[in-house]
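Novice: One structure, as structure tokens, below. Some questions next.
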Amino acid sequence: MHFDPAILVDYWPLLLQGAWLTLQVSVAALLLGYAAGIAVALIALTPGWLPRLVAGFYVEILRNIPFIIILFVVYYGLPFWGIRLPATLVGTVALALFASAYYAEIVRAAILALPRGQFESARAIGMSPANAMWHVVAPQILRALVPPSTNMTLTMMKESAVLSSITVPELTYQSLVVQGNTFAPFEVFAAVASIYWLIAAAIAEASRRLERRVGAVQAEAVSRNRIADRYLSLVARRT
Amino acid sequence: MSAVPVLRVSNLTKRFHGVTTLDQVYLDVHAGQIVALIGPSGCGKSTLLRCLTWLEQPDDGFIEVAGKPLGRELMPGGVVRRHSRRQIDALRPQVGIVFQQFHLWPHMTALENVVRPQTVVLGRSRDEATRRGAELLMRLGLADRMDRHPHALSGGQKQRVAIARALAMDPALMLFDEPTSALDPELVGEVLAVLRTLADIGMTMLVVTHEIGFAASLADRIAFMDRGRILEEGPARDILAAPKEPRLQSFLDLVRTDHRIVRTTANPTE
Amino acid sequence: MGFKLDYLLSILPRLISAAAVNLRLAVIIMLLALVLGTALTIVRSRKIAAVNACIAVVISFVRGTPLLIQIFIAYYVLPAVGLDLSPEVAGVSAIAFNSMVFVSESMRGGLATIDAGQIEASTALGLPPHAIWLKVVLPQLFRRIVPVLINEATIVVKGTALLSVITVVDVLRTSQQIASSSYRPFETMIGSALVFLVINLAISLSGRLAERRFAAARA
Ligand SMILES: Nc1ncnc2c1ncn2[C@@H]1O[C@H](COP(=O)(O)OP(=O)(O)OP(=O)(O)O)[C@@H](O)[C@H]1O
Ligand SMILES: [Mg+2]
């Protein structure tokens, strides 16, 4: 067998379209999922056992089910409740849902890592919880959030390949189309793997830039306790 | 001495997991007074200050700041009405607290630490807040440190920023949790001087301290707390010269022989 | 159209017996990943520049591309180069290869925490390298990465659901078959979600217990 990239010449536009959609879906799911993740983290930190239990269930359920099953539950669940959306939107929502559980753990751990006195001194002077979060907590945890969030975003981008199974025309779906037309699996998947690898590299680079921009946090702010570190490194591991 | 005390604490009780930490505390602090709160480690001094800022919710009892109830109030007919979070937050600037570890916000400059709460909580304009913040920092001898971040300040300077942060809210009362303990012993005199300046402008203060000498040279009145109760309260001279409570006597004996009490000292009456 | 709980209960037995497929494959994959991951780590520890450079490229590839693509490569590309594998074998190879890399990467992290003095002492005593690996390094290393391995096991279990895409009849594919005749895909999918949830919670829970045992044994 020989390797002949020329076979793909007619199919580059298709693959690039797929790559573009993969990128779009990932960015949309990042924004949506992060917003949901912050909300879940704040619920988890609300005093009282009930909010903590609810948030805990949310996180544990989503983290222990394969993404492909979450995808199908959403895919069949939305019409079941009378909601009809295009497949790409369904896929984005499912991806955001999946990622939100991990983002929630990242945000929660970062908040817990901040000394309690920071939030308390803001509350004691009369700031509302929202203001204390916004003016005092958020700016201090931003930097600690970047590395684990990047990791999770990379994982999520890779999981988006699964959207091909509900016919979202992203990169993996297009690669199967091209494979069906060319019967040149080696060339097709070498190309597709390289594109994924480039997208991953682009996300990592974007994260490095972001980290540099929020890098101005003072030394004292990053002091954190060991328990929180354990959570942080847990989510930074693999998902 | 006006009729309405700046701080009135009555029957304040706080339990942690069934363990009573504050046991029916009564305390009045009148305008312009400096009250030192002394007592052995673990007797509940910090817990009392945290309850006075509602960082801990007391299980029972009432707090009044300048005549206004904080947290809950007794309505006619003996009904206790709990205040909403907003009501509590609205009264909080009235009680300035300086924590043992100061808890300055490390991502803001010294000046910004003082300015931000004014704009966020009191709705002051940035100009006005900056003017007020700069004036306070200047008066506390930090004119050339305003643009520094907390990590570039000494312990004593951090404390003065924390004081300015609380003062900028125009509080009726200032609370200090062991203002000398996080600083080098040489700085005790400096802290004393700062608190005296506050006294000169008529600030009312409740100061938790381990240092009897510090209490003696600063306070008008001294309250002695043990096992969550205030056992004796009165003019500083009388308390130090002629303590009535045996536990206060032995506490003073211990502290005087030691001078600086070790933080881990157990309840000396045991 | 309401949610039919009795229907969900009626299909659970079939889903549970299909779960045996996922579990069996997951066990094989984990064993392969452990053995191969350990071997890879030992090879990397030899620090042969050219070899390690090649391994670094492979690791970067595995970490930078979706597992699904890796499964497709095993399924479509390997036959084209003359390796005709059944879908099951192709899938197992792909996930095991992926997992091997992550096992080796976590071992690399764990190695850094092992006391260098022990290795020096063992070398001074004249222990041969394979004995140092088997008797000194690996036992400590495994104990250290137990939490990571537990986590990896749940990831592998989740990964086996992807094999339905290459026609392996696992929980997901079974539920798709059931749904195509019952027309109740939503309840069916909830059923397979439950099956995975229970398996993975059981793994993490027993892992946490094992960890506590280890911690107690060391204390
Ligand atoms: N959040 C809490 N949960 C449980 N117990 C607490 C909590 N906060 C304080 N306590 C307990 O309440 C008691 C009083 O503590 P507090 O910090 O008020 O003592 P203190 O008088 O300030 O002592 P020190 O002089 O050492 O600062 C202690 O026994 C402490 O263990
Ligand atoms: Mg204290």
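Novice: Just to verify a number: what accessible area does A:E105 come out at with the full protein assembly present, 1.4 Å probe, Å² rounded to tens?
Specialist: 30 Å²
Novice: Distance between Cα centroids, region C:199-218 to region A:145-204: provide it in whole Å.
Specialist: 35 Å
Novice: For the protein assembly as shown, which whole-number percentage of the solvent-accessible area (1.4 Å probe, protein heavy atoms only) is attributable to carbon and sulfur atoms?
Specialist: Result for the protein assembly as shown: 61 percent of the exposed heavy-atom area is carbon or sulfur.
Novice: Which value, in Å³ per residue, describes the convex hull spanned by the Cα atoms of region B:1-157? All intermediate terms of the calculation are to be shown ahead of the outcome.
Specialist: Details: hull volume 25.6 nm³, N = 157.
About 163 Å³ per residue, rounded to a whole number.
Novice: Considering Cα pairs under 8 angstrom that are at least six residues apart, work out the relative contact order of chain A and quote it in whole percent.
Specialist: About 31 percent, as a whole number.
Novice: Still on this structure, I have one more. Please give the helix C:87-111 orientation as an angle from the longest Cα principal axis of chain C, in degrees from 0 to 90, rounded to the nearest 10.
Specialist: The angle comes out near 40 degrees.
Novice: Turning to a different aspect of this structure: How much accessible area does B:C51 have with a 1.4 Å probe, in Å² rounded to the nearest 10?
Specialist: For B:C51, the solvent-accessible surface is approximately 0 Å².
Novice: Relative contact order of chain B, please, whole-number percent, based on alpha carbon pairs below 8 angstrom and at least 6 residues apart.
Specialist: RCO, chain B: 26 percent.
Novice: If DNA, RNA and ligands are ignored and the probe is 1.4 Å, what is the ranking of B:H107, B:H151 by accessible area, most exposed first?
Specialist: Sorted by accessible area, descending: B:H151, B:H107.
Novice: Using the basic label-point model (7 angstrom from Cα toward the beta carbon), what is the C:A216 to A:V9 distance in nanometres?
Specialist: 7.0 nm
Novice: Give me the tail of P(r) for chain A as a percent: Cα-Cα pairs with distance above 31 Å.
Specialist: 33 percent
Novice: Oh, and also: Using Cα pairs under 8 angstrom and six or more residues apart, how large is the relative contact order of region B:139-270, in percent?
Specialist: Values: 107 pairs, mean separation 22.2, N = 132.
That works out to 17 percent.
Novice: What is the distance in Å between the Cα centroid of region A:33-83 and that of region C:77-120?
Specialist: Centre-to-centre (Cα) distance: 32 Å.
Novice: Would you mind getting me the FRET efficiency between B:L192 and A:T46? Use the beta-carbon distance for r and R0 = 41 Å, nearest 0.05.
Specialist: Calculated transfer efficiency: 0.45.
Novice: A follow-up question, please. How would you classify region B:1-87 from its alpha-carbon gyration tensor, with a ≥ b ≥ c the square roots of the eigenvalues: rounded for a/c under 1.5, else prolate if a/b is greater than b/c, otherwise oblate? Provide the component values of the computation, followed by the final result.
Specialist: Numbers: a/c = 1.85, a/b = 1.06, b/c = 1.74.
Oblate.
Novice: On to the next question. State the Cα centre-to-centre distance between region C:15-56 and region B:99-146 in whole Å.
Specialist: Here the answer is 57 Å between Cα centres.
Novice: Per Stokes-Einstein, at 4 °C and 1.567 mPa s, what whole-number D in µm² s⁻¹ belongs to the protein assembly as shown, with the Kirkwood radius over Cα pairs as the hydrodynamic radius?
Specialist: Estimated diffusion coefficient is 43 µm²/s.
Novice: Need one word for region C:106-145: rounded, prolate or oblate. Basis is the Cα gyration tensor (sqrt eigenvalues a ≥ b ≥ c); a/c below 1.5 gives rounded, then a/b vs b/c decides.
Specialist: Prolate shape, in that a/c is at least 1.5 and a/b is the bigger ratio.
Novice: Would you mind getting the accessible area per residue of region C:58-177, heavy atoms of the protein chains only, 1.4 Å probe, in Å²?
Specialist: Value for region C:58-177: 40 Å² per residue.
Novice: Could you please put A:W197, B:W54, A:W81 in sequence from largest to smallest accessible area, using a 1.4 Å probe?
Specialist: These residues rank, largest area first, as A:W81, A:W197, B:W54.
Novice: What does the charge add up to near C:P66, with Lys and Arg as +1, Asp and Glu as -1, over the other residues with Cβ less than 9 Å from its Cβ? Mind showing how you got there, number by number?
Specialist: Numbers: positive: A:K158; negative: A:E159.
Value of the local net charge: 0.
Novice: Right, something else. Starting from the Cα-Cα distance between B:A31 and B:D59, subtract it from 0.36 nm times their residue separation and give me the gain in nm to one decimal.
Specialist: Here the segment from B:A31 to B:D59 would lengthen by 7.4 nm.
Novice: According to a simple spin-label model (label point 7 Å from Cα along Cα-to-Cβ), what is the distance in nm between C:L9 and B:R126?
Specialist: In this crude label model, B:R126 to C:L9 measures out at 6.5 nm.
Novice: Shifting gears a bit: Starting at 0 and stepping by 10 Å, how many percent of the alpha carbon pairs of region B:51-129 end up in each bin?
Specialist: 15, 39, 29, 13, 3, 0
Novice: Next question, about the same structure. Specify whether the C-alpha gyration tensor of chain B places it in the rounded, prolate or oblate class, a ≥ b ≥ c being the square roots of the eigenvalues: rounded for a/c under 1.5, otherwise prolate if a/b is larger than b/c and oblate if not. Mind showing how you got there, number by number?
Specialist: Values: a/c = 1.81, a/b = 1.18, b/c = 1.53.
Oblate.
Novice: Name all residues of region A:1-39 having a backbone nitrogen under 20 Å from the label point set 7 Å from the Cα of A:T167 along its Cα→Cβ direction, giving them as ranges.
Specialist: A:14-15, A:17-19, A:21-22, A:25
Novice: Quick check: convex hull over the Cα atoms of chain C, volume per residue in Å³, rounded to an integer?
Specialist: Taking the convex hull of the Cα positions in chain C, it is 153 Å³ per residue.
Novice: Okay, next question. If A:W49, A:W20 are ordered by their accessible area, calculated over protein heavy atoms with a 1.4 Å probe, which sequence runs from highest to lowest?
Specialist: Ranked from most to least accessible, the order is A:W49, A:W20.
Novice: Put a dot 7 Å past each Cα toward the Cβ at C:L209 and B:A3; how far apart are the dots in nm?
Specialist: Each label point lies 7 Å from its Cα, and together they span 7.1 nm.
Novice: Continuing with this model, one more query. Which of B:K45/B:K158; A:K158/C:K4; B:K68/B:K244; C:K135/C:K158; C:K47/C:K135; A:K158/C:K135 have a Cα-Cα distance over 31 Å?
Specialist: Checking Cα-Cα distances, A:K158/C:K4; B:K68/B:K244; C:K135/C:K158; A:K158/C:K135 exceed 31 Å.
Novice: Next question. Take region C:141-194, drop everything but the C-alpha atoms, weight them equally and run the Debye formula without solvent; then report log10 I(q)/I(0) at 0.20, 0.23 Å⁻¹ to two decimals.
Specialist: Cα-only, vacuum Debye calculation for region C:141-194: -0.73, -0.84.
The values are calculated or read from the model by the stated rules, or taken from the named source; none is laboratory data. These numbers were taken from a predicted model, which means no experiment stands behind them. Neighbour counts run over all protein chains shown; Cβ positions are idealised from the backbone, glycine included. Heavy atoms of the whole protein, side chains included, go into the accessibility calculation; ligands, DNA and RNA do not. Shrake-Rupley method; radii C 1.70, N 1.55, O 1.52, S 1.80 Å.
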